[in-house]
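What follows is a single structure, written as structure tokens, with notes after it.
All of the numbers you see were taken from the coordinates with simple rules; none came from a lab. Everything numeric in this text was worked out from a predicted model, so none of it was measured. Heads up, the Cβs are rebuilt from the backbone with ideal geometry, glycines too, and the neighbour counts pull from every protein chain shown.
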Amino acid sequence: MNHTLPKGKLRIGIAHPYLGRGGSEARVMWGIEALKKDYDVSLITAGGVDLAALNRFYGTDVKSSEIVVLQAPMPHLLKKLAGGDALRGALYSRFCRKVADKFDVLISAYNLCDFGVPAIHCLADFCWNEEIRMRLHPPPAGARGFFHKRRLVRNLYLKVVRAIAGSSGRKLPGAEDLVLANSRWVSSVWKEKYGADISILYPPVAGGFPYVSHDSREMGFVCIGRISSEKRIERIVEILSAVRARGHDVHLHVVGSFDDNDYGRQVARTCRDKGEWIKMEGMLIGQEKIDLLSQHRFGIHACQGEAFGIAVAEMVKAGCIPFVPREGGSSEIVDNDLVIYDSTEDAIKKIEHVLSHEQIRQGLSEEMRAKGDIYSLENFIQHFRRSVEDFAGEKSRIP
């Protein structure tokens, strides 16, 4: 990696605490792609950066010579700890303030970040608000959920974390900050809390999905995402088990890494017990994922209260018909009440209805494919660049 800051051009720092595999990371990688030719771009993070793996996953082509990587120092034990996200975030936040004066424009690709100076903040989820987070995503099972379930312990932990993180003393968000939501739903939650309207920057959804007619696809469902408790994979299995019990010969492909944790083992057991109609695919990326989505008629999602739902956007772009819960950003992606459900029973009823009417299926498939244009890489790059340029202009730092 290049570790010296380049000179001359406007210096832009894109910050993300840990680059895993999700919508906010897609924003980082395609944000770098959008800016790297005209600006000096640095990536600020607390985790490791495997550019080759990130490029494969997101379809980008970011070279080590095109960016500077600044990594927050992190104790070795904390790097390996299953929990401790808030503590890692505290050390990351301190580091962001330490390096803030190296940049003309700072962008937090994952929620609000106390840089100590005005910045662009891209909302990704609700970890910035404990009350909302707990309502939408109850504590996970196992060791990771220990601190979440015990309010006194959790509050003490967060108090220590805040002390470690420190503060610049600057109000966050401030009047000079630019805050971007990743869905209309997140924007509405923000307005309810802060009383202010904010713009929407949908995450980029890569993948050139071929046109495959609905009739030539398999009568199956695909779910994609982390195998973690908030994704509620067991609810998907319950819904489709009931659909099969009513005479519909459908199958399910579960795409995601089955990690060695309580929830992953529970889901794997459930899938195996149900029989061969459920296929545990593991992690699929690139052409493998494109092929699977293009070969199937339906998608299904069960993460209630998810800020966006990049997997649902992929399904839509592929021409699948996704069934999604009402609360959250995924419902605005599909934007059709025929495939938005309020409960397990409602999901079963709506899936049955669509399965039983060929004309409805055909229409929905074409409708979904058309909606996918909203989440094109071109739209993201144009909007992202404009947001940076407008913000830089307001600060009188146009190159």
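The calculated 222 nm mean residue ellipticity attributable to helices in the chain amounts to -13000 deg cm²/dmol, summing -39500 (n - 2.57) over DSSP H runs of n ≥ 4 and dividing by all residues. Overall, the chain carries a charge dipole of about 1600 debye about its Cα centre when +1 sits on the Cβ of Lys and Arg and -1 on the Cβ of Asp and Glu, all other atoms neutral. Other residues whose C-beta falls under 12 angstrom from the C-beta of Tyr211 contribute a net charge of +2, scoring Lys and Arg +1 and Asp and Glu -1. In this simple spin-label model, placing a label point 7 Å from the Cα along the Cα-to-Cβ direction at both Leu172 and Trp277 gives a separation of 4.9 nm.
Counted residue by residue at 0.36 nm each, then reduced by the alpha carbon distance between them, the extension gain from Glu288 to Arg56 reaches 82.3 nm.
With R₀ fixed at 22 Å, the C-beta to C-beta distance from Lys9 to Lys98 puts the FRET efficiency at about 0.50. Peptides 301-311, 156-166 ranked from most to least packed give 301-311, 156-166, packing being the mean of other C-beta atoms within 10 angstrom over each peptide's residues.
By other beta-carbon atoms within 10 Å, ranking Met134, Met315 with the fewest at the front produces Met134, Met315. Would you work out if the range 214-375 is rounded, prolate or oblate? Take a ≥ b ≥ c from the square roots of the eigenvalues of the alpha-carbon gyration tensor; rounded if a/c is under 1.5, else prolate when a/b is larger than b/c, oblate otherwise. Here the range 214-375 falls in the rounded category. Each residue of the range 201-212 was assigned a 3J(HN,Hα) from its phi angle through the Karplus curve 6.51 cos²θ - 1.76 cosθ + 1.60 (θ = phi - 60°); the sequence is 10, 5, x, x, 10, 7, x, x, 7, x, 6, 10 Hz, with glycine and proline shown as x.
Taking amide H as placed 1.01 Å from N in the peptide plane, Tyr341 has its amide H under 5 Å from the amide H of Val324, Arg326, each at least 5 places away in sequence or on another chain. Each residue of the range 369-384 was assigned a 3J(HN,Hα) from its phi angle through the Karplus expression (A = 6.51, B = -1.76, C = 1.60, θ = phi - 60°), giving 4, 5, 5, x, 4, 4, 9, 5, 5, 4, 4, 4, 4, 4, 5, 5 Hz with x at Gly and Pro. Close amide-amide hydrogen proximity is noted between Ser108 and Ala15, Ile120, His121, Cys122, each under 5 Å apart and 5 or more residues distant or on a separate chain (H modeled in the peptide plane; Pro and chain starts excluded). Per residue, the average separation of C-alpha pairs within less than 8 Å and at least 6 apart gives the chain a relative contact order of 16 percent. Rounded to the nearest 20 debye, the dipole magnitude of the range 214-375 is 280 debye, with +1 charges on Lys and Arg beta carbons, -1 on Asp and Glu beta carbons, and the Cα centre as origin.
In a fully extended conformation the segment linking Arg265 and Glu366 would gain 32.7 nm over its present Cα-Cα distance, using 0.36 nm per residue.
Amide H contacts for Gly299 (H built 1.01 Å from N in the peptide plane; partners 5 or more residues away or on another chain; cut-off under 5 Å): Val222, Ile321, Phe323. Cβ crowding within 10 Å, taken as a proxy for footprinting-reagent exposure, orders Ile360, Ile224, Ile67 from fewest neighbours to most as Ile360, Ile67, Ile224. Converting phi to 3J(HN,Hα) with the Karplus coefficients 6.51, -1.76 and 1.60 and the offset θ = phi - 60°, the range 57-71 yields 6, 9, x, 8, 9, 8, 9, 4, 6, 9, 9, 9, 10, 10, 10 Hz in sequence order, with x at every glycine or proline. Which residue, chosen from Gly22, Ser241, Met74, occupies the Cα position most advanced towards the positive end of the dipole of the chain, where the dipole is computed from +1 (Lys, Arg) and -1 (Asp, Glu) charges on Cβ about the Cα centre? Among Gly22, Ser241, Met74, the one farthest towards the positive end of the dipole of the chain is Met74.
Normalising the average separation of contacting C-alpha pairs (under 8 angstrom, six or more residues apart) by the number of residues puts the relative contact order of the range 214-375 at 24 percent.
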